[in-house]
Amino acid sequence: MKEILGKYLPENAVNPSFTLIENYGIYLKIVNERKTRHGDYREINGVAQITVNASLNKYQFLITLIHEIAHVLAYREFGRYIKPHGVEWKHTFQHLMLPFINPAIFPKALLPILAQHFKNPKASSDTDVRLAVALKEYSDSNNKNYIFELPLGSLFKVSNGRIFRKGKKRIKRYECIEVSTRKIYIFQPHAEVELVK
């Protein structure tokens, strides 16, 4: 298992991550990319099963793995009726993540962004725009653009092939019009899209 984790995690995060997985009897599955989530946790026949997307960069993978382990521990300690991303989970996630937030594991440029994020962690690191954009810097280039980078009125395509025109910014997100239906959709500023030329 350590050898496998070594392919997906920062080198200095492998041993402590393996220890968490082993100590809490977690079955880890590394799966193909899912568009809707980076990872998940469920109990299967009394065994905690965590899945994490193989397509994540090593820093995203680590954060996702610890996020899911925090679910396991929060449910075990506080019961199954807590909110999935409530205060119990947040405190557990913060506690588990703290030893990893250091320059031996994360690049120095990420440390202040991570420190800010973990003051009040979100249900997904993707909803923290600053963290999501910073983490993407360590992923392989995919020829995609962020919505916030596109000029107003640009046409762009999403993963399912639908084409939109970028509209005005609301408080944080962008109104975009689907070209074929003229319906308005709201996009996060860091949604990755393909510019249509």
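The values are calculated or read from the model by the stated rules, or taken from the named source; none is laboratory data. Predicted, not measured: the structure shown is a model, and the values here were computed from it. Positions of Cβ are backbone-derived with ideal geometry, glycine not excepted, and every protein chain shown enters the neighbour counts.
Okay, here's what the table says:
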{"quantity": "Identity of the residue in segment 165-184, in contact (Cβ under 8 Å) with a residue 24 or more places away in the chain and within 26 Å of the chain's Cα centre (by Cα), that ends up surrounded by the most Cβ atoms within 10 Å (Cβ to Cβ)", "calculated": "Cys176"}
{"quantity": "Condition met for Val31 (touching an Asp or Glu at 6+ places or on another chain (Cβ under 9 Å) and not charged (D, E, K, R))", "calculated": "no"}
{"quantity": "Sole exception among (1) surrounded by 20 or more Cβ atoms within 10 Å (Cβ to Cβ); (2) part of a loop (DSSP other than H, G, I, E, B) for Trp89, by number", "calculated": "(2)"}
{"quantity": "Breaking point among (1) under 13 Å from Thr64 (Cβ atoms); (2) exposed (fewer than 11 other Cβ atoms within 10 Å of the Cβ); (3) basic (Lys, Arg), for Arg37", "calculated": "(2)"}
{"quantity": "Top-ranked residue in segment 123-146 [being surrounded by 13 or more Cβ atoms within 10 Å (Cβ to Cβ) and in a loop (DSSP other than H, G, I, E, B); ranked as modelled with the lowest pLDDT]", "calculated": "Lys144"}
{"quantity": "Within segment 147-163, tally of residues that are in a loop (DSSP other than H, G, I, E, B) and among the β-branched types (Val, Ile, Thr)", "calculated": "1"}
{"quantity": "Filter result for Asn102 (in the same structural domain as His190 (by TED's automatic domain parsing) and of a type in the set (S, T, N, Q))", "calculated": "no"}
{"quantity": "Output for segment 1-33, where each listed residue is in a loop (DSSP other than H, G, I, E, B) and either over 17 Å from Ala54 (Cα atoms) or among the polar types (S, T, N, Q) (or both)", "calculated": "Tyr24, Gly25, Asn32"}
